[in-house]
Amino acid sequence: MLQSEWIIDSPLSLFPYCYFPAPEVLDINRPGALYNFNVFAYLDGDFLLKIARFIREGGKPSELPEKGWRPDLAKRGAIRTVFDGRYKLNRYFSLQEHHKPRSMEELDE
């Protein structure tokens, strides 16, 4: 069996459900979806600009640790989304302040 055939035909593969979903199999694994997005490159643009400027001006990447620059994790750059097939709830927050609401009222704060 070729690798591509295994990806499509294997009973362990989710490929058919991801690429050819039928309405009745959208929730085959669970009745919703959680989207978790954290990419350090998107958390602090100023941090990345500093690094890009340094390299563009001839700095060596191996010298970066000596600079002591760190991203500002207080900036909101993490995303969590819950989707149940009809409604989406998105949260956009800082990695230093997760704010775990316990009610809809708390979510508005």
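Going by the structure shown, is Tyr35 within 18 Å of Tyr87 (Cα to Cα) and either in contact with a helix residue (DSSP H, G or I) (Cβ under 6 Å, 6 or more places away or on another chain) or modelled with pLDDT under 80 (or both)?
Details: within 18 Å of Tyr87 (Cα to Cα): yes; either in contact with a helix residue (DSSP H, G or I) (Cβ under 6 Å, 6 or more places away or on another chain) or modelled with pLDDT under 80 (or both): yes.
Considered against the rule, which asks whether it is within 18 Å of Tyr87 (Cα to Cα) and either in contact with a helix residue (DSSP H, G or I) (Cβ under 6 Å, 6 or more places away or on another chain) or modelled with pLDDT under 80 (or both), Tyr35 comes out as yes.
Looking at this structure, is Phe40 among the aromatic types (Phe, Trp, Tyr) and without any contact (Cβ under 8 Å) to a residue 24 or more places away in the chain?
no
Among the residues of segment 53-96, which ones are surrounded by 11 or more Cβ atoms within 10 Å (Cβ to Cβ) and acidic (Asp, Glu)?
Of everything in segment 53-96, those that are surrounded by 11 or more Cβ atoms within 10 Å (Cβ to Cβ) and acidic (Asp, Glu) turn out to be Asp72, Asp84.
Are any residues in segment 64-106 over 18 Å from Asn36 (Cα atoms), of a type in the set (A, V, I, L, M, F, W, C) and not in a loop (DSSP other than H, G, I, E, B), and if so, which ones?
Listed by number, the residues that qualify are Leu64, Met104.
The values are calculated or read from the model by the stated rules, or taken from the named source; none is laboratory data. Because the structure is predicted, anything quoted here is derived from the model rather than measured. Glycine gets a Cβ as well: all are built from the backbone with ideal geometry, and neighbour counts include every protein chain shown.
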